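Q: I have a structure I would like to understand better, so I am pasting it below and will then ask my questions one at a time.
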Amino acid sequence: MAQRESWATRAGFILAAVGSAVGLGNIWRFPYQVGEYGGAAFLVVYLLLVALIGFPVMLVEFTIGRRTERNPVGALKQIGEGAWTKVGWVFVLAGFVILSYYSVVAGWILRYTAIGLQGNYAAGGAGAQFMSVAGGMDSVVTHAIFMAAIVTVVAFGIQQGIEFSVKLMVPAIIALLIGLAVYAGTLSGAGEAYAYYLSPDLGTIAANWTEILPAAAAQAFFTLSLGMGVMITYASYLGEDRNLAKDGTIIVALDTAIAFTAGLVAFPVLYTAELTDVAAGPSFIFVSLAQAFSNIPFGGIIGAIFFAIVTIAALSSAISIMEVVVSYLIDEHGVDRLPATIALGVVIFVVGLPVAYEPEGLNWLVVYDGFANSILLILGGLLLAIYIGWVATDLGIEELGKGIHNLGSWGMVWIWTLRVPVIIVLLIVLTQNTIGYYE
Ligand code: PHE
Ligand code: NA
């Protein structure tokens, strides 16, 4: 058997993980979740969950991946017993569902980049413009183009494909987004927008926490690429000398900073265009924000830069989802990378067709996104937290301790965080989301 691949450089792993984390979740999903769930109130709950739930679960994925040097299915087969050996399948299923609609939405974003470059967004008929981009053959074509881009990168493998591309993409995302946030700060609506975005109303949190908590948890998992084995897979290409806690901190901090910065762009643009109805749902950046771009100075080009950032960010995330399933076919079935990648590209493209084609509506998108994010990812994360927290505690602590000079009692702090708060919160969230989904 050929030698398993690995990252070429120290930065390669972090950049790839940041590339995976930073994506549609930060720039498409995050602002509309903030809008839907009460602005700063949502932001506070989300930040707490990222730190207290997301970070510990990320370490779980890292330790399992590095220990086994396997894809998520193979990893749990190797270390688990009984039913635990089957848990990896949740991740593969989640990968299929998420990537199928992720590519569709990313295709729309690509199209919006082109629209901005060609002139500007429709001032009046923003909703109609979006519906023509987001349904029918146009949407199928952009879905195909984006899927082809994913396949191309992943086919080149870990070092020449993923690592090479994230070294270009991640710095570009950060630089462009900071530039836009600075520009947005000069707009006339900035002050009012910051007030909405940055001053949490504790009363709102208290009154709505049963809605805010599950939504914020789903967002925290989605944005950190948790609960579907991406971080298991990426850590499986890693050497033993890495300090996983330090790398995890950098990854979580960058993802959070970028989501936060996306809000610093979106809300001032909206408020300046006097579009303060921020609770528009998944069409938010395509309708309200695009329309807002058409109302501000240099809107076309600013919008094009914005959507170009989102396109790049989506690509660096999509490749990580594809890599989960590709690594499974390579490790477990000895398939070569190229045929594995192409076959998956075709199959996942087909799975996404209902979302892509559906004219005049986003019902399939909501079905796919809801199922994958609010149920599968949370379930995946919960199972992993139970596994390391209660079943394979020693393995977790030992693996975390490698590369950390003096872990001391931090290992047990981590384990107890998983054992009680993480598991309880995820159980509540999973129950709430499942009920909500089937209602
Ligand atoms: N973290 C990505 C984002 O924020 C989405 C993602 C979810 C990627 C799950 C991989 C796995 O857009
Ligand atoms: Na993210």
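The values are calculated or read from the model by the stated rules, or taken from the named source; none is laboratory data. No experiment lies behind these values; they were computed from the predicted model shown. Neighbour counts are summed over all protein chains in view; Cβ atoms, including those assigned to glycine, are modelled from backbone coordinates with ideal geometry. Just the protein is used for accessible areas: all its heavy atoms, side chains included, with ligands, DNA and RNA removed. Shrake-Rupley method; radii C 1.70, N 1.55, O 1.52, S 1.80 Å.
Residues checked against (1) within 22 Å of Ala253 (Cα to Cα); (2) under 15 Å from the mean Cα position of the chain (by Cα); (3) modelled with pLDDT of 95 or more:
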| residue | (1), (2), (3) |
| --- | --- |
| Met58 | yes, yes, yes |
| Ala94 | no, yes, no |
| Leu99 | no, yes, yes |
| Ala106 | no, yes, yes |
| Tyr112 | no, no, yes |
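Q: Being touching a residue at least 12 places away in the same chain (Cβ under 8 Å), within 16 Å of ligand 1 (Cβ to nearest atom) and of a type in the set (A, V, I, L, M) narrows it down to one of Leu224, Leu198, Leu187, Leu213, so name that one.
A: On the way: Leu198 fails: within 16 Å of ligand 1 (Cβ to nearest atom); Leu187 fails: within 16 Å of ligand 1 (Cβ to nearest atom); Leu213 fails: within 16 Å of ligand 1 (Cβ to nearest atom).
After applying the criteria, what remains is Leu224.
Q: Something else now. Determine, yes or no, whether Arg70 is touching a residue at least 12 places away in the same chain (Cβ under 8 Å), farther than 22 Å from Ser283 by Cβ and outside any helix (DSSP H, G or I).
A: Here the answer is yes, as Arg70 does meet what is asked.
Q: If Ile312 satisfies all but one of (1) within 16 Å of ligand 2 (Cβ to nearest atom); (2) open to solvent by less than 10 Å² (accessible area, probe 1.4 Å), what's the number of the condition it fails?
A: Here Ile312 clears every test but (2).
Q: Got a sec? Which of Ala2, Ala75, Ala83, Ala51 is away from ligand 1 (no atom under 14 Å from the Cβ), surrounded by fewer than 18 Cβ atoms within 10 Å (Cβ to Cβ), more than 21 Å from Thr311 (Cα to Cα) and modelled with pLDDT of 95 or more?
A: One residue alone meets the criteria, Ala51.
Q: If you don't mind, there's one more thing I want to ask. Take the residues in the range 19-28 that are near ligand 2 (Cβ under 9 Å from one of its atoms) and in a helix (DSSP H, G or I), then tell me which one is surrounded by the most Cβ atoms within 10 Å (Cβ to Cβ).
A: Among those residues, the one meeting the criterion is Ala21.
Q: Filter the range 243-253 for residues that are within 16 Å of ligand 2 (Cβ to nearest atom) and surrounded by fewer than 21 Cβ atoms within 10 Å (Cβ to Cβ) and give the result.
A: Thr249, Ile250, Ala253
Q: Something else: Looking only at the range 77-132, how many residues end up being over 15 Å from Leu377 (Cβ atoms) and not in a helix (DSSP H, G or I)?
A: Residues in the range 77-132 being over 15 Å from Leu377 (Cβ atoms) and not in a helix (DSSP H, G or I): 9 in total.
Q: Right, something else. Please work out if Glu240 is open to solvent by 10 Å² or more (accessible area, probe 1.4 Å) and within 23 Å of Asn71 (Cα to Cα).
A: yes
Q: Hey, another quick one. I'd like to verify a number: residues in the range 236-251 that are touching a Ser or Thr at 6+ places or on another chain (Cβ under 8 Å) and within 14 Å of ligand 1 (Cβ to nearest atom), how many?
A: Residues in the range 236-251 being touching a Ser or Thr at 6+ places or on another chain (Cβ under 8 Å) and within 14 Å of ligand 1 (Cβ to nearest atom): 0 in total.
Q: If you don't mind, another one. Would it be correct to say that Ala304 is small (Gly, Ala, Ser), over 30 Å from Ala123 (Cβ atoms) and away from ligand 1 (no atom under 15 Å from the Cβ)?
A: Spelling it out, it is not the case that Ala304 is small (Gly, Ala, Ser), over 30 Å from Ala123 (Cβ atoms) and away from ligand 1 (no atom under 15 Å from the Cβ).
Q: Further, regarding this structure: Filter the range 198-236 for residues that are over 30 Å from Val326 (Cβ atoms) and within 16 Å of ligand 2 (Cβ to nearest atom) and give the result.
A: Residues satisfying the conditions are Ala215, Ala216.
Q: While we're looking at this one, here's another question. Among the residues of the range 298-309, are any assigned to a loop (DSSP other than H, G, I, E, B), open to solvent by 10 Å² or more (accessible area, probe 1.4 Å), more than 16 Å from ligand 2 (Cβ to nearest atom) and closer than 30 Å to Trp7 by Cα?
A: No - not one qualifying residue is present in the range 298-309.
Q: Among the residues that make up the range 208-217, is at least one of them over 24 Å from Val97 (Cβ atoms) and of a type outside the set (Val, Ile, Thr)?
A: yes
Q: I need the helices (runs of 4 or more DSSP H) fully contained in the range 390-439, keeping only those with at least 3 residues that are open to solvent by 60 Å² or more (accessible area, probe 1.4 Å) and over 23 Å from Glu69 (Cα atoms).
A: 410-417, 423-438
Q: Which residue is most open to solvent (accessible area, probe 1.4 Å), if the candidates are limited to the range 326-368 and must be of a type in the set (A, V, I, L, M, F, W, C) and assigned to a loop (DSSP other than H, G, I, E, B)?
A: In this case the residue turns out to be Val335.
Q: Let me ask something else. Could you please find all residues in the range 117-142 being in contact with a Lys or Arg (Cβ under 6 Å, 6 or more places away or on another chain) and either within 22 Å of Phe221 (Cβ to Cβ) or buried (at least 24 other Cβ atoms within 10 Å of the Cβ) (or both)? Give the steps one after another, and end with the answer.
A: Quick first cut of the range 117-142, residues in contact with a Lys or Arg (Cβ under 6 Å, 6 or more places away or on another chain) only: 133, 142.
Correct list: Thr142 only.
Q: On to the next question. Residue check, Leu43 against (1) in contact with a helix residue (DSSP H, G or I) (Cβ under 7 Å, 6 or more places away or on another chain); (2) away from ligand 2 (no atom under 16 Å from the Cβ), all met but one. Which one?
A: Leu43 satisfies every listed condition except (2).
Q: Quick test of your reading of the structure: Ala257 fulfils all but one of (1) within 16 Å of ligand 2 (Cβ to nearest atom); (2) open to solvent by less than 10 Å² (accessible area, probe 1.4 Å); (3) free of Cβ contacts under 8 Å to residues at least 40 places away in the same chain. Name the failing condition by number.
A: Tallying (1) within 16 Å of ligand 2 (Cβ to nearest atom); (2) open to solvent by less than 10 Å² (accessible area, probe 1.4 Å); (3) free of Cβ contacts under 8 Å to residues at least 40 places away in the same chain, Ala257 fails exactly one: (2).
Q: Out of Phe293, Phe371, I need the residue that is out of contact with any Leu (no Cβ under 9 Å at 6 or more places or on another chain), open to solvent by less than 10 Å² (accessible area, probe 1.4 Å) and farther than 30 Å from Gln159 by Cα. Which one?
A: After applying the criteria, what remains is Phe293.
Q: Please verify whether the range 97-116 includes one or more residues that are within 16 Å of ligand 1 (Cβ to nearest atom), of a type in the set (Gly, Ala, Ser), more than 20 Å from Phe221 (Cβ to Cβ) and in contact with a helix residue (DSSP H, G or I) (Cβ under 7 Å, 6 or more places away or on another chain).
A: yes
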